[in-house]
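For reference, the structure discussed in these notes is given below.
The values are calculated or read from the model by the stated rules, or taken from the named source; none is laboratory data. None of the values given here were measured: they were computed from a predicted structure. Neighbour counts run over all protein chains shown; Cβ positions are idealised from the backbone, glycine included.
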Amino acid sequence: MNGLHRLRLAAEGVVIALDAMRSNKLRSALTILGVLIGVTTVMTMAALIQGINDDITSQIENAGPTTFYVVWWWNGGLQVGRPPAEIRLRPYLVKAEADALEQLPEIEYTAMYGFTNQRVSYKGDQTRPITIYGGSRHGLEIDGGVMVAGRQFTRDEELVGAPVVVLYEEVADRLFGPSIPLGKVVQIGTRGYRVIGIYRRPDNLFASDGQSEAAVIPFQSLRHNFRFPEEQNSIVAKPKPGVPVFRAQDAVTRELRRVRNIPVGAPNTFDIVTQAQVLDTWNKLTSVFFLVMLVLAGVSLMVGGIGVTAIMMVSVTERTREIGLRKALGARRLDILWQFLVEAATLTALGGTAGLVLGGAVAATVARLTPIPAQVPLWSVVAAVGASVAVGVGFGIFPANRAARLDPIEALRYE
């Protein structure tokens, strides 16, 4: 019976809260506005972070979770400013080292990468300076894109640095329109390159125009014909099927130390980066965004909570005689407390519901109009609803307790 009594009081509190909102529309709207903004913030930021994380995970899956990278310097992915003196003394990675690593029994293949910026031209038409990658025949497998037409480099073309090029689809469209340019010779800088393939990169949320408009030539051709920032060179290594990543990394480390004649006990003059490290770096960045989201949402919910306290205090004052009458008719202190807490929770729950709808609409709009695959995770819905109700209960405690403590005789005398 006690449970049914509580349910009846809860339903009554919801009805009274809705009546109060109809009677004081502006005041109620201002009260729940803070909650609405807070919940919308949570929903929108959670959807953005979830979408970006999914994109990062997709890129890692394209390259393969066991693929790892050998780089000149890795500082958690945030190479900002001038490297320390001991880093600047490191030799740059070279193609011979990539070739040596590819001979290891643990490694399926390696790919050497570097880049420069050059214009690509054809019969007087040219692009702006775009990224020219010096790459490998394994680039398609690493990046996860598709060949729209033509082919990748052959092993011989890669070894000798043949003057062949794979154009990104955007560059081919820019220079040749709808026609297929296979076999035609384009100018990269001042040198001629025969087009052997058209490449469509996978969707990449963080790809800039410089990444969407690019071309790939053999690394040896880049090394022989262009100046480029050698400190940006990297070696991609793919372990053979069944070989654990840590075992492949150990083999690569031992071989590079041997090739570079690094004495026993001396530190490595290169860094190895795994997909897990890349993902961990990204998670650290998103945790900062998440913290900002919580602060913004917390401020909004705090404002909404203060508004709940204010409106409930006004409600208690306006209904003092009603409270006295209910107590005179047998209502217990706990019944009054429960009623006002339900009213406060109803106000904030309505604000939370409106925030859910608005946040979902914002996420859907972002997903439709931008490359960000924003999607609302289930946990954010649960968290938003829970937070809005908790704000109502937490900030409704004081006015509800004040109502419950009213002396029935004094309340009945209140004018």
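So GLY330 ticks every box in (1) in a helix (DSSP H, G or I); (2) on the phi > 0 side of the Ramachandran plot but one. Which box is left unticked?
(1)
Just give me the residues in segment 363-395 being of a type in the set (A, V, I, L, M), surrounded by 19 or more Cβ atoms within 10 Å (Cβ to Cβ) and in a helix (DSSP H, G or I), in sequence order.
Residues satisfying the conditions are ALA363, ALA384, ALA387, VAL391.
Look through segment 144-158, keep the residues that are among the charged types (D, E, K, R) and buried (at least 18 other Cβ atoms within 10 Å of the Cβ), and return whichever of them is nearest to LEU182 (Cα to Cα).
Residue satisfying both the conditions and the ranking: GLU157.
Go over the candidates VAL243, VAL252, VAL216 one by one and state the one that is at negative phi and in a helix (DSSP H, G or I).
It is VAL252.
Of GLY197, GLY189, which residue is among the small types (Gly, Ala, Ser) and closer than 17 Å to ASN117 by Cβ?
GLY189
When segment 84-100 is examined, which residues are found to be under 31 Å from the mean Cα position of the chain (by Cα) and either loosely packed, with under 15 Cβ neighbours inside 10 Å or of a type in the set (D, E, K, R) (or both)?
Within segment 84-100, just PRO84 meets the criteria.
Do we find that GLU213 is modelled with pLDDT of 90 or more and farther than 26 Å from ASP271 by Cα in this structure?
No; evaluated as a whole, the condition is false for this residue.
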